[in-house]
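Chemist: Pasting a structure below so you can have a look.
The values are calculated or read from the model by the stated rules, or taken from the named source; none is laboratory data. Please read all numbers here as calculations on a predicted model, not as lab measurements. Note that we place each Cβ from the backbone using ideal geometry, even for glycine, and neighbour counts take in every protein chain shown. To get the accessible areas, we keep the full protein, side chains included, count just its heavy atoms, and leave off ligands, DNA and RNA. Shrake-Rupley method; radii C 1.70, N 1.55, O 1.52, S 1.80 Å.
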Amino acid sequence: MEFIQSIKPILAVLIPLAVIPVLVSSGGRPNVREAWTFIAGILSFALVVSMVPAVLDGNRIGLTLFPIAPGADIALSVDALGMLFALVASSLYIITAMYSIGYMRGLNEHSQTRFVAFFALAISATIGAAFSANLITLYLFYEILSLATYPLVTHHQDEKSKVSGRRYLTFILGTSIGLVLPAMIWCYHATGTLEFSAAGIFTGQLSTPSATVLLLMFVFGFAKAGIMPVHTWLPAAMVAPTPVSALLHAVAVVKVGVFSIIRVLTGIFGVELLSSLGLGGLVAFIASVTILTSSAIALSQDEFKRRLAYSTIGQLSYIVLGAALLSPKGMTGGILHITMHAFGKITLFFCAGAIYVATGKKYLSQMVGIGYRMPVTMTAFLIGAMSIIGLPPTGGFISKWYLVLGTLEGDQAVMLFVLLTSSLLNAAYFMPIFYKAFFCTQAEAMFERKFDEAPVMCVVPLVITALISFIFFFVPQPFLKLSTLAVTGFTGG
Amino acid sequence: MTELFMLIAAKYNYCLYVILMMIGLYAMIAKNNLMKKLVGMNIFQTAIILFYVSIGFKHNATIPIIMGDHGHGGHGAAINAADYMNPLPHVLMLTAIVVSVATLGVAMALCVKVYQRYQTLEEDELRMRLSEKIKL
Amino acid sequence: MIHYPAIVVIAPLVGALIAGILSFVEERYAYPAALIATGISCAAAVRDLIYVAGHGPIAYHMGGWAPPMGIEYRIDTLNAMVLVLITAIAFLNLAASWPNIKQEMPDRSPSFYAMYLLFVVGLTGVASTGDLFNLYVLIEITSLSSYTMIALGDRDRGPISALNYVFVGVIGASFYLLGVGYIYIKTGTLNMAEFATMIPTLQDSTTILTAFILCIVGVFIKMALFPLHVWLPNAYSYAPVGFARIVAPLMTKVMVYVMVRLMITVFGLDYIFIKLHIADTLVWLGTIAILAGGVMALAQTNLKKMLAYIIVCEIGYMVGGAWLGNDLGLTGAVLHILNDGLMTFALFLAVGNMVYKLDRVQIKDLKGLFAKMPWTMTGFVLAAFSIVGVPPTCGFFSKWYLILGAFKAGAWHFAAALIISSLICAVLFFKVFEVCFFESPDTHDGHGSDTHGRHTTVAIQEAPAISLAVLGIAGISLIVVGMYSKTIVVRLIWPLLSS
């Protein structure tokens, strides 16, 4: 278990950033521009992958960039948890790049260069957050991500985007400046350091009330994790073009939120401190409320993307719940769900976007009988939905399985009940979509039974992600290994 | 009470100049006409200058110029500093007077510009004219 | 090698003389003369900084006369940093504002350059001097040149704003002068370092207390600390662009430097914090200044006025931070002098570009600016993020130290004010961004859901290249200075505090 100095982490972060000027200057030649996006995505993915063997061996790779204050530097460090997240983000960036070509060109969207450039910035910030060695580096990339995604969310520049953009900023920037910043400085003031350490950084400086307040400041401060009541920005952000909703609000932005919460729980507070103060139960309770409420709200949503948004809110709280269980299996399940949910949810968002490109429909009530027109899309939808619900043979089953084992391990039957109920609710809001798409009479169907799929560049990515979700059931590597490794690190072996 | 009177009697110069300062300050703030404000400003600054000059005063002392032989300094007779008033505040105040004059000049030039533009130097009228301009 | 401290101040002075003469003889050479003068000054300041960081403070005696007879210029790491800031901004601003000056006052530009150089003389002198009375003179030089230059701006409101500034400024400077008078009465010296050796024995004297109060109030008036700030918004909004860009970042910050100098070197931290019990009150005053500045900025419809009130808010940061009573607070305040100077410079550079193209900067006039002036807006966005305090821009790092200092001192109200003002600034700037991003230029507001193919490409009408280049330099420096914060703090600020 050693610490290897390498510039690979910073290169992985900088490559999407460095390609931005090239993207801007090749704006007039779209094919060249998209080619550069792919090059950047593949390069950074390759860099991330190249570090996997070392991390699986139990080592950490990293680099200190520049110091801010004693005990707080801007530094990168790749460990198992960060590696898992970075793999998810960088791989899905490539796939989303492909998808957005199909989507944006299919709809003849404006300002595509701006879109692509800010997308690259967002991915750069995501990878940076994944590789952060301490809380202040994480905060830096978190803020950059918030600001980089604003032009993406408000891409359409109309009145609805303006209102949603305001909500987005209020909840995300307001909580990070108003809650996370003071909480972070409080930590530094109390302990003199902000490094993510295996047993947390506190050595008895916190009383139970202060620890509770601090923890809540972090949990609600990282509003990207969608914990209620600071979740309102997520449904509002669905005004964005679907590639944005897909990658950022199923994968990058929201996962940075839960990732940050996990880092704080495990690296700043530490598993031991949390269980001795009984705070795990508090976080688990908050997460459970979010899971159940969001799943219930999802049932009532007719707009496809909004239903997916509320589903995402619920699934994110699964991850937080897993971490809050503080038992090894539970935490493994939560961390693994980062991956499984990412691939599953992105499939679903891709489907929603493909349907919009092909038919212009956004509302589920308008999509009766669409299965015959777009069978590939709807089959992929089925697989993605099964992964989110947690049914075999999809990857989501594995993470849910670990979560259930985790609740049993920790003797938390209430949480088991929460998990099972919410799985039922998930089925309740996903299955009817599939049912109505295929099983309806000729009279009810709103579409001709002619095969007329979305553009190829839209369909291929969603097939890929659906297939990966399927394959994960059989071979959940290296993600399962990374999750277990991460958890071993937190619980001290 | 008597101590207060004794104090004032002993340092009457300072009190006088502070009163002068307050007169100037009052004029700057309360008067409506810009020229009167300027005059108040000048009174205020002059009061401070006088204050400084009076610092250098000593009883039974003469002006700080060394009389006598025009040779190479008065190396012969030792000079008793207590016999001469302190020249340093005077010197400082020369600079301050220059600053005061320059400020007065600039302020007057500004008043001329204001008058050229608005044909009035009364502050309330100016305020009204400016708020009208905003409404336009 | 020995005379660099003097060169920093004298080069612009000589330049002013030459520019003044040239304005009668050959107008075209006034601008190059000004550029060369500020360039020399900047080079000398940089050299001083490098020297002082390595070798310790320089004590330069003007004309070879030793204090207390002569005037001493004392350069330590604090001054050197401020001097580099002043001269660099002066130089870059001259380069960037040439198109603006030509646009706003084509017939009077040589005199403008001469006054500008005198202003720089004043600022650099204030930052270099080690003599209390010399400080008064140089503050007045600065103020006088600023009065005239403000009057060159807006034809309707410039002279009046300048006149109001004259009145308030004179009161402030005169208070300071009076304070120095009291110090002279008690100690007989005007040299800062010498007075510092005397003050331990004089701590109980009411004269010194009066002197301190008068000096500090005078400086507060000059730095526009709430509620003595009333002159600032009008003065800075109606000044010509070329001047607003240098006065807004520097004038008040240099006065903050004077306050810090009075606190650290002249009266000494022992006297200030142990003997006097006003620190808490001043931290409260700083808190109120922050909140008041932020709230008043929210109410503004003119971009320049909004930025002026943000300056009032930032002054609150520095005053509150300095009076917190611990190292971290002072570090934050001093670092913020540097950072705020840079941020405000970048902001006003961007706004000046907008004025060059649009002539009016009411916020509702800024429609569609992201499309029309993308580079200017990029610089504006960076500067805005620095004011909000987003890492890795420099604004975050001074906020870090200030909040940390507030926690350490238990000044929760100040920490809360800092956080709230970050949020207020975020709201302020995003209000502007929304207008620039969402509304299309010169037509109706966007009312309609799907505007998918309706976006016409807007032609880019940017400011001149030189202004953009300087804005680029300023923007990049925001990030670079942020990244090197620790170096700055460790090598420049902490040696100052430990001595």
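Chemist: If a paramagnetic tag sat 7 Å from the Cα of B:I65 along the Cα-Cβ line, which residues of region B:82-101 would have the backbone N under 11 Å from that point?
Modeler: No residue passes the distance filter.
Chemist: Shifting gears a bit: Suppose R0 equals 51 Å. What FRET efficiency, 1/(1 + (r/R0)^6) with r the Cβ-Cβ distance, do A:E272 and C:T197 give to the nearest 0.05?
Modeler: Values: r = 55 Å, r/R0 = 1.09.
Efficiency, rounded to the nearest 0.05: 0.40.
Chemist: Something else: For region C:248-258, what does the Karplus curve 6.51 cos²θ - 1.76 cosθ + 1.60, with θ = phi - 60°, yield as ³J(HN,Hα) per residue in whole Hz, taken in order and with x for Gly and Pro?
Modeler: Coupling constants for region C:248-258: 5, x, 9, 4, 5, 5, 5, 5, 5, 4, 4 Hz.
Chemist: Only bridges whose two residues both fall in region A:1-147 count here: according to DSSP, what percent of them are antiparallel, nearest 5? Can you show the working numbers first?
Modeler: Numbers: 8 of 11 bridges.
So the antiparallel bridges amount to about 75 percent of the total.
Chemist: Show log10 I(q)/I(0) for region C:1-78 at q = 0.11, 0.22 Å⁻¹, two decimals, from a solvent-free Debye sum over equal Cα scatterers.
Modeler: Rounded to two decimals, the profile gives -0.36, -0.93.
Chemist: Using the Kirkwood radius built from alpha carbon pairs, what does the Stokes-Einstein equation give as D for region C:280-499 at 10 °C and 1.306 mPa s, in µm² per second?
Modeler: Taking Rh from Cα pairs, D becomes 88 µm²/s.
Chemist: A further question follows. Give me the Debye-computed log₁₀ of I(q)/I(0) at q = 0.10, 0.15, 0.16, 0.20 Å⁻¹ for chain B, equal point scatterers on Cα only, no solvent, two decimals.
Modeler: Ignoring solvent entirely, the Cα scatterers give -0.56, -0.88, -0.94, -1.16.
Chemist: Per residue of region C:465-472, in order, report the coupling 6.51 cos²θ - 1.76 cosθ + 1.60 (Karplus, θ = phi - 60°) as ³J(HN,Hα) in whole Hz, putting x for Gly and Pro.
Modeler: 4, 5, 5, 5, 4, 5, 4, x
Chemist: Chains B and C: what accessible area do they bury, summed, in square angstrom to the nearest 100, with a 1.4 Å probe? Provide the component values of the computation, followed by the final result.
Modeler: Details: alone 10330 and 19500 Å², together 26870 Å².
Buried surface at the B/C interface: approximately 3000 Å².
Chemist: For C:I213 and A:T232, FRET efficiency with R0 = 60 Å and r from the beta-carbon atoms, rounded to 0.05?
Modeler: On the way: r = 51 Å, r/R0 = 0.85.
Using R0 = 60 Å, I get an efficiency of 0.70.
Chemist: Roll a 1.4 angstrom probe over the protein heavy atoms and tell me the percent of accessible area of region A:287-348 that is carbon or sulfur.
Modeler: On region A:287-348, the fraction of accessible area on carbon and sulfur atoms equals 59 percent.
Chemist: So if I place +1 on the C-beta of Lys and Arg and -1 on the C-beta of Asp and Glu, and nothing else carries charge, what would the dipole magnitude of region C:280-499 be about its Cα centre? I want it in debye, nearest 20.
Modeler: 200
Chemist: Can you send over the solvent-accessible area of A:W186, 1.4 Å probe, protein chains only, in Å² to the nearest 10?
Modeler: Here the accessible area works out near 70 Å².
Chemist: Heavy atoms only, probe 1.4 Å: what % of the accessible area of chain B goes to carbon and sulfur, would you let me know?
Modeler: Within chain B, the accessible surface is 68 percent carbon and sulfur.
Chemist: Ok, one more. Restricting things to alpha carbons, tell me how big the protein assembly as shown is in terms of Rg and Dmax, in Å.
Modeler: Answer for the protein assembly as shown, Rg first and Dmax second: 33.7, 129 Å.
Chemist: Return the carbon/sulfur percentage of the accessible area of region C:280-499, one whole number, probe 1.4 Å, all protein chains in place.
Modeler: The nonpolar share, carbon plus sulfur, comes to 64 percent.
Chemist: Describe numerically, in nm with one decimal, the distance between label points set 7 Å from Cα along Cα→Cβ at A:V22 and at B:Y12.
Modeler: 8.9
Chemist: Restricting to Cα pairs below 8 Å that are 6+ residues apart, what does the relative contact order work out to for chain C? Please round to a whole percent.
Modeler: Computed value for chain C: 14 percent relative contact order.
Chemist: Here is a further query. With N denoting the number of residues in chain A, provide Rg(C-alpha) divided by 2.2 N^0.38 Å, to two decimal places.
Modeler: Against the compact-globule rule of thumb, the ratio is 0.92.
Chemist: Here is a further query. Mind checking the mean number of beta-carbon atoms from other chains within 10 Å of the Cβ atoms in A:176-182?
Modeler: 5
Chemist: Enter the mean projected area of the convex hull around the alpha-carbon atoms of region C:30-149, in nm², rounded to one decimal.
Modeler: The number I arrive at for region C:30-149 is 7.6 nm².
Chemist: Charges at C-beta only: +1 for Lys and Arg, -1 for Asp and Glu. How large is the resulting dipole of region C:62-131 about its Cα centre, in Debye rounded to 20?
Modeler: Taking the Cα centre of region C:62-131 as origin, the dipole is about 160 debye.
Chemist: Just to verify a number: FRET efficiency for C:R360 and A:E159, C-beta to C-beta distance, R0 = 35 Å, to 0.05?
Modeler: That gives a FRET efficiency of 0.90.
Chemist: On to the next question. Kindly sort A:T421, A:T96, C:T201 by accessible area of their heavy atoms, largest first, with the probe set to 1.4 Å.
Modeler: C:T201, A:T421, A:T96
Chemist: Name the residues of region A:145-171 whose accessible area falls by at least 40 Å² when all protein chains are present instead of the chain alone, probe 1.4 Å?
Modeler: Listed in order, they are A:L147, A:Y150, A:Q157, A:D158, A:K162.
Chemist: Here's a follow-up. Do the sum for chain A: with -39,500 (n - 2.57) for every DSSP H run of n ≥ 4, divided by all residues, what is the mean residue ellipticity at 222 nm, to the nearest 500 deg cm²/dmol?
Modeler: About -23000 deg cm²/dmol.
Chemist: Would region C:261-313 count as rounded, prolate or oblate if I go by the C-alpha gyration tensor, calling it rounded below 1.5 in a/c and otherwise prolate when a/b exceeds b/c, oblate otherwise?
Modeler: It comes out oblate by the Cα gyration axes.
Chemist: OK, next. Among C:L232, C:L202, C:L138, flag the residue with its Cα farthest along the positive direction of the charge dipole of region C:131-250, charges on Cβ as +1 for Lys/Arg and -1 for Asp/Glu.
Modeler: In region C:131-250, that residue is C:L232.
Chemist: Report, in degrees rounded to the nearest 10, the 0 to 90 angle that the Cα long axis of helix B:12-30 makes with the longest principal axis of chain B.
Modeler: Long axis of B:12-30 versus the principal axis of chain B: about 10 degrees.
Chemist: Also: If you take the accessible area of A alone plus C alone and subtract the pair, what total do you get in square angstrom, rounded to 100, with a 1.4 Å probe?
Modeler: 3400
Chemist: What is the extension gain from B:K58 to B:S131, computed as 0.36 nm multiplied by their sequence separation minus the C-alpha to C-alpha distance, in nm to one decimal? Write out the running numbers ahead of the final one.
Modeler: Details: separation 73, 0.36 × 73 = 26.28 nm, distance 5.48 nm.
Here the answer is 20.8 nm.
Chemist: So who's got an amide H within less than 5 Å of the one on A:A75, skipping anything under 5 residues away but keeping other chains? H placed 1.01 Å off N, in plane.
Modeler: Distant-sequence amide H within range of A:A75: A:L65, A:A133, A:N134, A:T137.
Chemist: Using a 1.4 angstrom probe on the protein heavy atoms only, line up C:W375, C:W98 by accessible area, largest first.
Modeler: Sorted by accessible area, descending: C:W375, C:W98.
Chemist: Let me know the charge dipole size of region A:297-389 about its Cα centre in debye, to the nearest 20, where only the beta-carbon of Lys, Arg (+1) and Asp, Glu (-1) is charged.
Modeler: Rounded to the nearest 20 debye, it is 120 debye.
Chemist: Which value, in Å² rounded to 10, gives the accessible area of C:M259 with a 1.4 Å probe and all protein chains present?
Modeler: About 0 Å², ignoring ligands and nucleic acids.
Chemist: Near the amide H of C:H61, under 5 Å away, which other amide H atoms are found, from residues 5 or more places off or on another chain, if H is placed in the peptide plane?
Modeler: The answer is C:Y73.
Chemist: Turning to a different aspect of this structure: For helix C:279-298, report the angle its Cα long axis makes with the longest principal axis of the Cα atoms of chain C; keep it between 0 and 90° and round to the nearest 10°.
Modeler: Approximately 20 degrees, to the nearest ten.
Chemist: Which of the listed residues, A:V368, A:I136, A:V153, is farthest toward the dipole's positive end in chain A, when Lys, Arg count +1 and Asp, Glu count -1 at the beta-carbon?
Modeler: A:V368
Chemist: Residue by residue through region C:96-106, what is 3J(HN,Hα) from phi via Karplus (6.51 cos²θ - 1.76 cosθ + 1.60, θ = phi - 60°)? Round to whole Hz and write x for glycine and proline.
Modeler: Karplus values, whole Hz, x for Gly and Pro: 6, 8, 3, x, 5, 5, 5, 6, 8, 9, x.
Chemist: Using modelled amide H (1.01 Å from N, peptide plane; none on Pro or chain starts), what sits under 5 Å from the amide H of C:D131, excluding residues fewer than 5 places away?
Modeler: C:E72, C:M192
Chemist: With each run of n ≥ 4 DSSP H residues scored as -39500 (n - 2.57), what mean residue ellipticity at 222 nm is computed for chain C after dividing by its residue count and rounding to the nearest 500 deg cm²/dmol?
Modeler: On the way: 20 runs with 361 residues, N = 499.
Taken over chain C, the calculation gives -24500 deg cm²/dmol.
Chemist: If each of C:K408 and A:S365 carries a label point 7 Å out from its Cα toward its Cβ, how far apart are those two points in nm?
Modeler: Taking the two extended label points, one gets 6.2 nm.
Chemist: At A:W401 and C:A469, where each label point lies 7 Å from the Cα along Cα→Cβ, what is the point-to-point distance in nanometres?
Modeler: If labels sit at A:W401 and C:A469, their model points lie 6.5 nm apart.
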